[in-house]
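Working notes for the structure below.
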Amino acid sequence: MENFLYTLIIPVILFFSFIFTGLSGNKFKPAVSGIICTATVFISAALSYWTAYQYFFLHGKVNGVYQIINVYKIEWLKFNETLSIDIGILLDPISVMMMVVITTVSLMVHIYSIGYMKGDSGYSRYFAFLSLFTFAMLGLVLSVNIFMTYMFWELVGISSYLLIGHYYNKPSAVSASKKAFIVTRFADLGFLIGILLLSAFAGTFDFNELTNPNGNAILQSASTTFMGLSAISWALILIFIGCAGKSAMFPLHIWLPDAMEGPTPVSALIHAATMVVAGVYLIARLFPLYVFTSPVALEVVAHVGAFTSLFAAIIACTQTDIKRVLAFSTISQIGYMMVSLGVSGYGAEEGLGYMASMFHLFTHAFFKALLFLGAGSIIHAIHTNEIYSMGNLRKYMPLTHITFLTACLAIAGIPPLSGFFSKDEMLVAVMEKNIFLFAVQYVVAGITAFYMFRLYFTVFWNKDKKYEHVPHESPNVMLITLIFLAVCSALAGLIPFSQFVSSNGVPFSTHIHMNIAIPVVGIALAGILLAYALYKKESLSPEKIKNSLGVFYRSAYRKFYIDEIYIFVTKKIIFNLISVPVAWFDRHVVDNTMNGIAYTTNFVSEKIKYMQSGQLQQYAFIMVAGMILIFLLTLYLIIV
């Protein structure tokens, strides 16, 4: 067996990069910080590719099954004979795949940022936090147990907060970073309670033991029930709440669109390819536990994912900020992945949904990162996010145009680009298990194609706008990353993914199902043609359709007032009806009780303090007087 101990370098080198750049970055020219951080990510990426080659092609498979390898594992905290928290690195098909995705996208974002962030006053700080985030994300996917995952989960949240709030002198960015941090903290409370419940009843934090189909955690899962569900089921639903927060599932999605206030490369890294798919990854990591112990929890995952994918896709059709369109697109696509996981079984062909979800996570990382970086290239050129202030940009930015079109075709599921293959597998898996969910996802496929090409035709075709400065193509350092990601978006679907990733580690073969592929491509083409008619040819009037939809359109544009509902509940109910009475009780009852105890203590002390005067004659007088009183009392009791 190959010694994979060198994989320790992959995350650790990024942590040292963060420490060095964070503490010393301002002592060098800003460009030096960018070069140092980019070089360390390049080393991590190179080692990740080498690890993937070694694992998938040479040493990871034993007797036809990909093994779970604990590369490094030491005991950190011991609670009892069976329960302890270990620190280490775990390699299996999904952790190796995620390692490749994270380091690849992070490397592209680092290279892109050298050009995009040039001249920024927080250049060194930005790169330091990028390194911290990448370290945290790698730690999350390589964790050997769920508590170690939770620690890195929180570090990812902190890193996200720091990067979203990069422009800390901009009130909207500060507000967005706080919103992201607070919303995900509420979700993480559910995650933490779920972990504690799970460990209490399973007796372990270790992933190997938790996900072993023949292990005690699964075999003894029904020993305790509450309200008709096993304790493990409640734990898994609570863990899903944490996943829903991190992956921006309804109703915890509200932080992601606002998080676009951060630098655009941050959106490409955090909000397209890594952090937001952490929830999908964790469900996949615990998948045997879900599928064997709690089908109900998996149903919750599937139905929440289906609703979220449709809900977010509808909103994306109405948004006019280019990054917010992509943000809601991300929410919708993650919903797709959740549905596929939620309907999956366990095994090779039975686990098609599991494989398809991971496949779409893999392909989506490339084309969504490309879309965000392409949006950044556009914003860099014309200094606005509003799509209706853009038009005919293909004339000024031909390379950005071609790469952006590639990503749009990929996410729409047009063959032979990568999104077609992964989306086909997901829809096949859903079709086999739940026709209603398939119908929802089929409609979402058409809506996805529509809103992406609404964006594409509005930005790159349409009529020329009066630009303050003539738009220009981005610097080469930014274009290189767009070209690389465009190639990945085009070709990643050709990877025989089921030969590497499956729910039980056993490779299996898949093929294109024409009975599903043809209708899905058909509805995607219908969405593209509708967008063409509305926003390119203008044979139909978007304004007339908008007016005919009336309240529905206005509601979708306002994101169905979910933010307003949260504000109402927070301010009018929690603050006014709960917080204000609690504050009154605290000030008038608790404080006055404490003040009364203090006043009484002072009063009594004031009265008796003269008993300790330090004067000998006073002490003698009190002693003699006491003795006389005792004598008289005793004499009285004897006579009576």
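The values are calculated or read from the model by the stated rules, or taken from the named source; none is laboratory data. Keep in mind it's a predicted model, so treat the numbers as computed, not measured. Every residue, glycine among them, receives a Cβ derived from its backbone with ideal geometry; neighbour counts consider all protein chains shown. Heavy atoms of the whole protein, side chains included, go into the accessibility calculation; ligands, DNA and RNA do not. Shrake-Rupley method; radii C 1.70, N 1.55, O 1.52, S 1.80 Å.
Residue 540 meets all of the listed conditions (1) surrounded by fewer than 14 Cβ atoms within 10 Å (Cβ to Cβ); (2) part of a helix (DSSP H, G or I); (3) in contact with a helix residue (DSSP H, G or I) (Cβ under 6 Å, 6 or more places away or on another chain) but one, namely (2).
Rundown of residues vs (1) within 21 Å of residue 142 (Cα to Cα); (2) over 27 Å from the mean Cα position of the chain (by Cα), yes/no style:
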position	(1), (2)
22	no, no
29	no, yes
34	no, no
48	yes, no
52	yes, no
56	yes, no
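Residue pairs whose Cβ atoms lie under 6 Å apart, sitting 6 or more positions apart in sequence or on different chains, and linking a residue in segment 116-128 that is β-branched (Val, Ile, Thr) to a partner that is surrounded by fewer than 20 Cβ atoms within 10 Å (Cβ to Cβ), do not occur here. Residues in segment 120-133: is at least one of a type outside the set (Phe, Trp, Tyr), crowded, with 24+ Cβ neighbours inside 10 Å and farther than 30 Å from residue 27 by Cα? Taking every residue of segment 120-133 in turn, none turns out to be of a type outside the set (Phe, Trp, Tyr), crowded, with 24+ Cβ neighbours inside 10 Å and farther than 30 Å from residue 27 by Cα. Any residue that is open to solvent by 40 Å² or more (accessible area, probe 1.4 Å), assigned by TED's automatic domain parsing to the domain that holds residue 366, part of a helix (DSSP H, G or I) and polar (S, T, N, Q) - is there at least one of those in segment 195-202? Within segment 195-202 (the criterion being open to solvent by 40 Å² or more (accessible area, probe 1.4 Å), assigned by TED's automatic domain parsing to the domain that holds residue 366, part of a helix (DSSP H, G or I) and polar (S, T, N, Q)), the answer is no, since none of the residues qualifies.
Can you report the number of residues in segment 61-106 which are β-branched (Val, Ile, Thr) and more than 30 Å from residue 264 (Cα to Cα)?
We begin by selecting, within segment 61-106, every residue β-branched (Val, Ile, Thr); these are 62, 65, 68-69, 71, 74, 82, 85, 87, 89, 94, 96, 100-105.
Within this subset, residues satisfying the condition of being more than 30 Å from residue 264 (Cα to Cα) are 62, 65, 68-69, 71, 74, 82, 85, 87, 89.
Qualifying residue count for the region: 10.
It is to be established whether one or more residues within segment 462-474 are closer than 16 Å to residue 369 by Cα and either free of Cβ contacts under 8 Å to residues at least 24 places away in the same chain or buried (at least 22 other Cβ atoms within 10 Å of the Cβ) (or both). Checked against the condition, which is being closer than 16 Å to residue 369 by Cα and either free of Cβ contacts under 8 Å to residues at least 24 places away in the same chain or buried (at least 22 other Cβ atoms within 10 Å of the Cβ) (or both), segment 462-474 yields no hits at all.
Checked against (1) in contact with a Ser or Thr (Cβ under 8 Å, 6 or more places away or on another chain); (2) crowded, with 24+ Cβ neighbours inside 10 Å; (3) modelled with pLDDT under 90, residue 264 passes all but a single condition, namely (1). Among the residues of segment 474-486, just one is within 19 Å of residue 323 (Cα to Cα) and assigned to a loop (DSSP other than H, G, I, E, B), namely 474.
In the condition set (1) of a type in the set (A, V, I, L, M); (2) under 23 Å from residue 461 (Cβ atoms); (3) in contact with a Cys (Cβ under 8 Å, 6 or more places away or on another chain), residue 545 is compliant with all but (3).
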